[in-house]
Amino acid sequence: MPFSFPPGRARIAAATACALVLTTLLGCSNGGGGGGGETASTTTGPSAGSGTQVTISDFTFQPASLTVSPGATITVVNDDTTTHTLTATKGGAFDTGDIDPGKSATFTAPSKPGDFPYDCTIHPFMKGTLTVE
């Protein structure tokens, strides 16, 4: 027996809810590790590496704004239930590539001072800023 959606607005709401659930469950992926900029390494464990850390949890970067010295090592820990990235939005200054749940990645901050906005390329509503000074 096939599933049928209710008529009218309820149909749109039901279809939207199904799409959101599927996107969350499947952890949509951009299929690549990004390109250009600083390279990142992925490790296992909740807090691999030392120094400055950004944690991804509940589809947010914590902290969303971070100030570091030029060339600092930044560890990104994915404590969420789906894959994420932390990727500079302009100029390819850094990109962690895909970080699976429970994993972490590190990257090196740019050597030149400035503000570097970033997002998750899989979930672009996730935003933050890395300030190098």
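Any read-out appearing in this document is the output of simple, stated calculations on the displayed coordinates, not a laboratory observation. Worth saying up front: this structure is predicted, and the values here are computed from it rather than measured. Cβ coordinates were reconstructed from backbone atoms using ideal geometry, including for glycine residues, and neighbour counts include every protein chain displayed.
Label sites at Thr89 and Phe59, each approximated as a point 7 angstrom past Cα along Cα to Cβ, lie 1.7 nm apart.
Each residue, Thr81 and Glu133, gets one label point 7 Å from its Cα in the Cβ direction; the gap between the two is 3.8 nm. Can you check what the net charge comes to around Asp58, using other residues whose Cβ is under 13 Å from the Cβ of Asp58 (Lys, Arg +1; Asp, Glu -1)? Summing Lys and Arg as +1 and Asp and Glu as -1 gives -2.
Near Thr89: Cβ cut-off under 13 Å, other residues only, Lys/Arg at +1 and Asp/Glu at -1. The net charge is -1. In a fully extended conformation the segment linking Thr67 and Asp100 would gain 9.4 nm over its present Cα-Cα distance, using 0.36 nm per residue.
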